[in-house]
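One structure below.
The values are calculated or read from the model by the stated rules, or taken from the named source; none is laboratory data. Given the structure is predicted, the values throughout are model-derived calculations rather than measurements. For neighbour counting, all protein chains shown are included, and Cβ atoms are generated from backbone atoms with ideal geometry for every residue, glycine included.
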Amino acid sequence: MNTGLTSETAQTIINFGNAFDWYAYAQSAWPGCDVDILHKRMKEKIDHIKTSSRLYLQVEDNFAINSYLHRNFHHWGYLPEANTEYWYNMTFLYLHLYRLSVPTAYRHSLHNEWVKRPKGAAESAAAEIRQALRRNQIAK
């Protein structure tokens, strides 16, 4: 898959996406719902961001969406192809969330991978994403 990003940046984005436990969030937000309903509700949240390009007021909602997108791609072991809808959604969320602390109540067991990232990796990834977005804009 060509993400248009270096492997270091791709790994940083993946580690960030996996740091939050969307499933624990969904079970807390919609107690008693079965898994199919939780997936449906998360997809509705993704649709909201796709159509409005606006984040939710509660940071947990935005982290959950980012995590949910990543968990869907995690099974394939890579990020989405560059300049696809999913790629734009993931980069949009990363750029808005990466400087925030992952909410304690929903930290995934993989949160440690995000915490142990190399110094400067988060900012470097953000800079690379911004450059990729700029190149895409200029190319149009």
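Does Tyr98 meet the test of being of a type in the set (Ser, Thr, Tyr), within 15 Å of Ile14 (Cα to Cα) and surrounded by 14 or more Cβ atoms within 10 Å (Cβ to Cβ)? Can you show your working first?
Numbers: of a type in the set (Ser, Thr, Tyr): yes; within 15 Å of Ile14 (Cα to Cα): yes; surrounded by 14 or more Cβ atoms within 10 Å (Cβ to Cβ): yes.
So Tyr98 passes the test.
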Within segment 42-72, how many residues are within 14 Å of the chain's Cα centre (by Cα) and among the acidic types (Asp, Glu)? 2
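Is it fair to say Ala10 is closer than 18 Å to Asp61 by Cα and in a helix (DSSP H, G or I)?
Values: closer than 18 Å to Asp61 by Cα: no; in a helix (DSSP H, G or I): yes.
Judged against the criteria, Ala10 is not a match.
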Expected output for segment 33-44 (first residue closer than 11 Å to Ile65 by Cα and modelled with pLDDT of 95 or more, partner of a type in the set (Gly, Ala, Ser) and part of a helix (DSSP H, G or I), Cβ below 6 Å, 6+ apart or cross-chain) is none
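Take the residues in segment 13-42 that are part of a loop (DSSP other than H, G, I, E, B) and not charged (D, E, K, R), then tell me which one is surrounded by the most Cβ atoms within 10 Å (Cβ to Cβ).
Going through segment 13-42, the residues part of a loop (DSSP other than H, G, I, E, B) turn out to be 19, 21, 30-34.
From the residues that got through so far, the ones that are not charged (D, E, K, R) too are 19, 30-33.
Numbers: Ala19: 26, Trp30: 14, Pro31: 7, Gly32: 6, Cys33: 14.
Among those that are part of a loop (DSSP other than H, G, I, E, B) and not charged (D, E, K, R), it is Ala19.
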Of all residues being under 17 Å from the mean Cα position of the chain (by Cα) and without any contact (Cβ under 8 Å) to a residue 60 or more places away in the chain in segment 116-140, which is surrounded by the most Cβ atoms within 10 Å (Cβ to Cβ)? Just the residue, please. Ala126
